[in-house]
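Engineer: The structure is given below, and queries will be raised subsequently.
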Amino acid sequence: MELWLFIIIGAVAIIAAAMMLISENAIYSALFLILNFACIAFFFLMLNAAFVAMVQIAVYAGAIMVLFLFVIMLLGAERVLPEAQPRFRWLTPAAIILALVFLAVSTLAIIKGEIDLTRPKLEEPMVRAVHAVDGVPAVDVYLDGEQVARDVAFGEASSFESWATGRYDAQIFPAGADPEADDPLAEYPVNLVPGVTLSLAAIGNAQEPELVAVTEDLSQVDDKDALRVVAINALHGRTAIDVVDDTDSGSRRALVENVPYGKASDVIEIEEDTYDIGVYPAGSSRTRLMGIEDEDLEAGTAVLWIFTEQRQDDNSYTSTIVNLETDARPPFGSPAHVGQLLFSRYVLPFELVSLLLLVAMIGAIVLTHERLAPRRRFERRLANVPAGLEQSLPGETGD
Amino acid sequence: MEASEVSIELYVLLSAILFIMGTMGVLLRRNAILIFMSVELMLNAANLALAAFARQWGNGDGHVMVFFVMTVAAAEVAVGLALIVAIFRTKKSIDIDDLHLFRG
Amino acid sequence: MENFFDLVPLVVFVPLVGLLINLFTGKHLGERGVGIVAVGASGIAFLISLLLWLAQVDTGYKPVVVDLPLFSDWISIPAAGVEIPWQFRVDTLSVTMMMAVTFVGTVIHLYAVGYMHGDERFPRFFVYMNLFLVFMLILVTGNNFLMMFVGWEGVGLCSYLLIGFWFDKPGGVGWKNSDAARKAFIVNRVGDFGLVLGVLITFWTFGTLDFYKPDELPMAAHHAAEAAEEPVFAPEIPHEAEPHIEGPMGVFNQAEVWLEEGGHDVNFGMFSLSFESTITVITLLFLLGATGKSAQIPLFVWLPDAMAGPTPVSALIHAATMVTAGVYMMVRSNVFYHASDAASFVVALIGATTAIVAGFIAVGQWDIKRVLAYSTISQLGFMVAAVGVGAYAAAMFHLVTHAFFKALLFLGSGSVIHGMEHGHHHVAHGGHDHDDEFDPQDMRYMGGLRHKMPRTYWTYLFGTLALAGIIPFAGFWSKDEILLDALKAGVDDARLEGYLAFVLLVMAAAFTAFYMWRQMALVFYGKPRHAAAEHAEESSNLMVYPLIVLAFFSLVIGVINVPSGFPILGAIFGEHEFTSWLEHAVTYAHAASFNVLLASFAVVLALVAIYVARAIYNDRALETLGQQDPLELDERTEGLFAVAKAKLYWDDAYFKYLIFPYRRAAYWLAEQLDWRFWHDYVHKTVIQKNFHIATEFLTQPVDKGIIDRGFNSLGRLMQIIAQRIRVIQTGYVRTYAWTVLLGTLLVVFIILFPVIRGMLGL
């Protein structure tokens, strides 16, 4: 089906392009070109490039081609008068030959070129730091001495950073420490492979801090109404826990079961809803250790819960839940995806292109402004006219 | 991304065909506006290839590049059409073969 | 007080600053300002010398070497082991020289402010004078022969500049002045050549030029033992008797060590000399240097002509200080001279001969300053002779006393000249006959100035008596010591030069008294023989006060070295104070005890000479004095006077046997070698002609034929190629586009080349 669609639309595009080329009237050419652009926009859609397809229609087929048509009509230049003596007769066959050669070569390159078409490339690994160490106001996190996040306050997470693939020692320091000189609070070896999204969660207390690496899944959930949840057991009591859906006390449902201390649960998908969440020792439903009431969980997010305790001044402990919600990654090619790229990695090129547009605008004004571009008589100036050539040169031209 | 029925080779081939048609337009037509349109066609062919490769490699950079190409094309059209208008004012013609002041 | 030693660079720098101030702002300062700066600089230098003297006394006369910051490795070539630092030496000898130079210098600067009043180049004069002080102080404070040489040449330069100071006087006088300056400079070159050769041999022999290394003491141990035989002036040497001999030694101690060891040969490459012979060569070369700078036979001829300079210059440079540099240098090198008997002999003989010859010539001179010039030469002869007989302390003593009374005499003569000029000026404007032949320095026009210039007369009388060696004036003590030492050298050490020097010096002393009294009589006694003398006036206070100061010192300065055994004075002022003081720096300084007989003989001889002079130049003779001297009228002395008047035909001999032949040779060389051979033949015939041929060849076939044609063809080729190629540049966009496509395809082809090759199975 898709292939047939491709063939039909492709044929339309080629025919439109050919018609554009052979139309004597420039208006027709422009209209055929619009048709061609529409086809290409369709191809963009087929290629998951929704945003680009949108822009193609709106900006290209719309704005730019309107500009073309406007200029054609303005100048009344629909047709160029045929020449009495065509000047470059040789050009037509030569161009066609070159075109055929080019086509042949391209085909050759596509068929025989050793282009790696098999393996889709995964995105770079992403990493962030989460601070849940009791008794340490803020931490810095380093991967092999390179800073991932600095000054992360308790219960907060840094933003995700792209990181080069490889094996690292993740180290956690009190905020402001010198990684060269000071000893880290805790260390943990991590392996960053392409496509992985890692949260380095620092848990425990100031005396015995620990690092837990949680692999999260930020991709879109297939089910539009679902979201992903991960839980980490950081309870001082060091018992394994169950996390239970307490929304309806009648039908309790364990979301994750038997999570030992310092470990993360599997990633589970749950429906979007308002939940009451309870935490119980593993296998028991009597003692509710802690819980979250009336939590609105939205679809298209990834949630990380860290169940921990904080020591108070009177040496008692209070339960604390670190609740981190991250938006899932936007779908490929969507406006959100392209926008994210434009405003993160491509900010500077984007600015440059904007500047280019500004310059083009000013240039267009300058070029077409009558007063700024006064008519000049064209005079031929040759520094050194070889003898016998003066007559063959065209004299003054112009209006 | 689900696997597609249409393989990337076809897209690239289509892109190449459109590109060469644009080239022919540039080479063979004398109307300056048409030449411009042909250039647009070539740019679009390149865009198509970019989008195809972007899907192939699951990399959004291709889309950004398409976006930039479009922006540059817009700038180019603005300046190019301004040039054509300016030339038309002086020469009353947009036949590209009437312009050969740079002859050596 | 040891910190005071660090002040020694200032002795040089203060006059330097003074001269720089006067050099750059002199025109705006006015005479008063310039005078204050110049005299102030000199005075501060004197005060610093005084502090250094106090420091020397305080630290037990320990020699000190002071490094000049930033200059410590003045000449340093580590690879060749050449290490000549810029170091100042403060010991009793250099302090003596410093004090003499700066004190006399200050007084003369003061006098010069009055003397040069109204001169159009007033600031320049004081720039030169301060510059002279700078170089003279470098000369006496340097711790190595090279620094001494720098000062030596520097004072020579200043001497040249100041002798020719009035180079633009009208009527040919300017020419004479600049001739005199050139003469001084050229004659000194001969001497300096000897000195620099001596310095080079010294360096070759010892590998260093330092007199003594820092912290090294003169090797006076065995000398102290020697001196113990005469306990009267055995110096009390507070510092350790054995010098430090660690590492390299200065030249003098090294010389002592080698002399004691013996058998040390000096290799000169092609030949080698025994160390003793090398020392003799060095000392003789140094002597040549001294004969130039200190105006000894045979190079003394420049000094009388040098009187062309302003009188303060004559007093400072050509009487008191610069001309004694040779004596200072020889006293500094006393270790060398002590070691070489042959050199000592030559030195003594030259000194004594110079003393008698110059004394004799002085009798026949009419120019007041010329008489003093020959007198200076004669006195320098005394000093050199003293060095020759080994009386280094006596030489220095005479140097110091002479600086005072000879400066006094010159300044006095300047005062007289000033008075005469004043009188002449008065006469010329009073409507009297203007005598063009008038020379204010000619004693024949003077006479009777005693009443016109009483203060000048009295001070001049003091100077004359000091020079004549009348007790108790300064000259008596020093001259007596030299005579005594000469006689002792003859009697005690059985040295021939001692006897010779004694005889000649005694005769010279008699001549001294005679020509000085002749001068007194001609200038001050009798009646004025010229209208100018009649209207002469006493000079300004600024000029007279320095005379009084110097007269005072000419009277009393002798007590610094009262000989042992001298009644009363010895008890008051101490015996041989100066000699003991010098002994800490001059290894072989020694003194002789007082000899009543000899002293009486010398004084009586001087008195007799004065009496004879008084008799010859009596009032009647002075009244009838025309253009001829009474001696000339007397047929018995007519011939001798003529010889003296003609300066013993010394200059004439130089002209006849040296300068004229040299000039002829120069002319001949100029004509034959330079003009005929070099210019006409080599330049014109050989070089010019061949050059023409070569250029002709290069222009015609090479340049026009090959290079021109080559480049023209290249140009034409370019033109043809360009005409062919320019067709491509059609100016049509479409053809360009086609070319671009072609190029793109080529690039794609190249990229895909491996694929294509694989397909075709290659």
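Engineer: Just checking, does segment A:267-277 include any residue being under 20 Å from A:Ala299 (Cα atoms), in a loop (DSSP other than H, G, I, E, B) and open to solvent by 30 Å² or more (accessible area, probe 1.4 Å)?
Structural biologist: Yes, segment A:267-277 has at least one match.
Residue by residue, here is whether (1) in contact with a Lys or Arg (Cβ under 9 Å, 6 or more places away or on another chain); (2) away from chain B (no Cβ under 14 Å); (3) open to solvent by 30 Å² or more (accessible area, probe 1.4 Å) holds:
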site	(1), (2), (3)
A:Asn315	no, yes, yes
A:Ser319	no, yes, yes
A:Asp327	no, yes, yes
A:Pro330	no, no, no
A:Val347	no, no, yes
A:Glu351	no, no, yes
A:Leu356	no, no, yes
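Engineer: So, in segment B:21-35, how many residues would count as being more than 7 Å from chain A (Cβ to nearest Cβ) and in contact with a strand residue (DSSP E or B) (Cβ under 6 Å, 6 or more places away or on another chain)?
Structural biologist: 0
Engineer: Further, regarding this structure: Can we say C:Leu746 is open to solvent by less than 90 Å² (accessible area, probe 1.4 Å) and assigned to a helix (DSSP H, G or I)? Before the answer, list the steps.
Structural biologist: Numbers: open to solvent by less than 90 Å² (accessible area, probe 1.4 Å): no; assigned to a helix (DSSP H, G or I): yes.
When the stated conditions are applied, C:Leu746 does not pass them.
Engineer: Okay, next question. Please verify whether C:Phe691 is of a type in the set (Phe, Trp, Tyr) and either surrounded by 12 or more Cβ atoms within 10 Å (Cβ to Cβ) or not in a helix (DSSP H, G or I) (or both), treating the condition exactly as stated.
Structural biologist: No.
Engineer: Also: Confirm whether C:Leu633 is hydrophobic (A, V, I, L, M, F, W, C) and surrounded by fewer than 17 Cβ atoms within 10 Å (Cβ to Cβ).
Structural biologist: So C:Leu633 passes the test.
Engineer: Would you pick out the residues in segment A:15-33 that are over 18 Å from A:Ala77 (Cβ atoms) and either open to solvent by less than 50 Å² (accessible area, probe 1.4 Å) or touching a residue at least 12 places away in the same chain (Cβ under 8 Å) (or both)?
Structural biologist: A:Ala16, A:Ala17, A:Ala18, A:Met19
Engineer: Next question. Every residue in segment C:65-91 that is modelled with pLDDT under 80 and surrounded by 11 or more Cβ atoms within 10 Å (Cβ to Cβ), please.
Structural biologist: Of everything in segment C:65-91, those that are modelled with pLDDT under 80 and surrounded by 11 or more Cβ atoms within 10 Å (Cβ to Cβ) turn out to be C:Phe71, C:Ser72, C:Asp73.
Engineer: Only one of (1) more than 19 Å from A:Leu31 (Cα to Cα); (2) touching a Leu at 6+ places or on another chain (Cβ under 9 Å); (3) more than 7 Å from every other protein chain (Cβ to nearest Cβ) is not met by B:Ala45, so which one is it?
Structural biologist: (1)
Engineer: Given the structure, is C:Gln700 surrounded by 10 or more Cβ atoms within 10 Å (Cβ to Cβ), over 30 Å from B:Val26 (Cβ atoms) and within 14 Å of chain B (Cβ to nearest Cβ)?
Structural biologist: Numbers: surrounded by 10 or more Cβ atoms within 10 Å (Cβ to Cβ): yes; over 30 Å from B:Val26 (Cβ atoms): yes; within 14 Å of chain B (Cβ to nearest Cβ): no.
No; evaluated as a whole, the condition is false for this residue.
Engineer: Now, a different point. Being modelled with pLDDT of 80 or more and open to solvent by 80 Å² or more (accessible area, probe 1.4 Å) is the filter here; which residues of segment A:90-130 pass it?
Structural biologist: A:Trp90, A:Ile97, A:Leu100
Engineer: Let me ask another. Among what's in segment A:35-82 and is more than 7 Å from every other protein chain (Cβ to nearest Cβ) and assigned to a loop (DSSP other than H, G, I, E, B), pick the residue that is farthest from A:Ser23 (Cα to Cα).
Structural biologist: A:Gly76
Engineer: Specify which of the listed residues (A:Ala157, A:Ala149) is open to solvent by 10 Å² or more (accessible area, probe 1.4 Å) and not assigned by TED's automatic domain parsing to the domain that holds A:Ala234.
Structural biologist: A:Ala157
Engineer: Quickly run through segment A:332-345 and pick out the residues that are facing another protein chain (nearest Cβ under 10 Å), open to solvent by 30 Å² or more (accessible area, probe 1.4 Å) and not in a helix (DSSP H, G or I).
Structural biologist: Hits for segment A:332-345 are A:Phe332, A:Arg345.
Engineer: Between a residue in segment A:307-321 that is closer than 11 Å to A:Gly155 by Cα and any residue that is open to solvent by less than 70 Å² (accessible area, probe 1.4 Å) and assigned to a loop (DSSP other than H, G, I, E, B), which pairs come within a Cβ distance under 6 Å, given they are 6 or more apart or on different chains?
Structural biologist: Final answer for the pair search is A:Phe307/A:Leu235; A:Thr308/A:Ala132.
Engineer: Here's something else I'd like to know. Take the residues of segment B:93-104 that are charged (D, E, K, R) and over 22 Å from the mean Cα position of the chain (by Cα): which is nearest to the other protein chains (Cβ to nearest Cβ)?
Structural biologist: B:Arg103
Engineer: Same structure again: Of the conditions (1) out of contact with any His (no Cβ under 7 Å at 6 or more places or on another chain); (2) of a type in the set (Gly, Ala, Ser); (3) surrounded by 16 or more Cβ atoms within 10 Å (Cβ to Cβ), A:Ala58 satisfies every one except a single condition; which number is it?
Structural biologist: Condition (3) is where A:Ala58 drops out.
Engineer: Still on this model: Kindly indicate whether any position in segment C:674-685 is within 14 Å of chain B (Cβ to nearest Cβ), of a type in the set (A, V, I, L, M, F, W, C), part of a helix (DSSP H, G or I) and surrounded by 11 or more Cβ atoms within 10 Å (Cβ to Cβ).
Structural biologist: So far as segment C:674-685 goes, no, none of its residues is within 14 Å of chain B (Cβ to nearest Cβ), of a type in the set (A, V, I, L, M, F, W, C), part of a helix (DSSP H, G or I) and surrounded by 11 or more Cβ atoms within 10 Å (Cβ to Cβ).
Engineer: Among the residues of segment C:531-561, how many are open to solvent by 30 Å² or more (accessible area, probe 1.4 Å) and either assigned to a loop (DSSP other than H, G, I, E, B) or of a type in the set (Asp, Glu) (or both)?
Structural biologist: 5
Engineer: Now for a different question. I'd like the full set of residues that are under 30 Å from B:Ile35 (Cα atoms) and of a type in the set (Ser, Thr, Tyr), limited to segment C:699-744.
Structural biologist: C:Thr730, C:Tyr732, C:Thr735, C:Tyr736, C:Thr739, C:Thr744
Engineer: Continuing with the same structure: For segment B:68-92, which positions are within 14 Å of chain C (Cβ to nearest Cβ) and buried (at least 18 other Cβ atoms within 10 Å of the Cβ)?
Structural biologist: B:Gly80, B:Ile84, B:Ile87, listed by residue number.
Engineer: Go through the residues of segment A:163-177 one by one and say whether even a single one is acidic (Asp, Glu), surrounded by 13 or more Cβ atoms within 10 Å (Cβ to Cβ) and not in a strand (DSSP E or B). Let's see the steps before the verdict.
Structural biologist: To start, the set of residues in segment A:163-177 that are acidic (Asp, Glu) comprises A:169.
With the extra rule that they be surrounded by 13 or more Cβ atoms within 10 Å (Cβ to Cβ), the set shrinks to A:169.
Restricting the remaining residues to those that are not in a strand (DSSP E or B) gives none.
No, segment A:163-177 has no match at all.
Engineer: Related question: Tell me the residue from C:Asp651, C:Asp680, C:Asp634 that is over 35 Å from the mean Cα position of the chain (by Cα) and not assigned by TED's automatic domain parsing to the domain that holds C:Met516, please.
Structural biologist: None of the others qualify; the one that does is C:Asp680.
Engineer: Moving on. Out of A:Leu3, A:Leu74, A:Leu81, report the one residue that is open to solvent by 30 Å² or more (accessible area, probe 1.4 Å) and within 29 Å of the chain's Cα centre (by Cα). Reasoning before the result, please.
Structural biologist: On the way: A:Leu74 fails: within 29 Å of the chain's Cα centre (by Cα); A:Leu81 fails: within 29 Å of the chain's Cα centre (by Cα).
Only one candidate qualifies: A:Leu3.
Engineer: Could you say which residue among C:Phe360, C:Phe382, C:Phe410 is part of a helix (DSSP H, G or I), assigned by TED's automatic domain parsing to the domain that holds C:Ile470 and within 24 Å of C:Ala184 (Cα to Cα)?
Structural biologist: C:Phe410
Engineer: Only one of C:Thr587, C:Thr579 is in the same structural domain as C:Ala508 (by TED's automatic domain parsing), assigned to a helix (DSSP H, G or I) and more than 30 Å from C:Gly414 (Cβ to Cβ). Can you tell me which?
Structural biologist: Values: C:Thr587 fails: assigned to a helix (DSSP H, G or I).
None of the others qualify; the one that does is C:Thr579.
The values are calculated or read from the model by the stated rules, or taken from the named source; none is laboratory data. Every value quoted in this text rests on a predicted model; they were computed, and no experiment measured them. Neighbour counts are summed over all protein chains in view; Cβ atoms, including those assigned to glycine, are modelled from backbone coordinates with ideal geometry. Note: accessible area is taken over every heavy atom of the protein model, side chains too, but ligands, DNA and RNA are not part of it. Shrake-Rupley method; radii C 1.70, N 1.55, O 1.52, S 1.80 Å.
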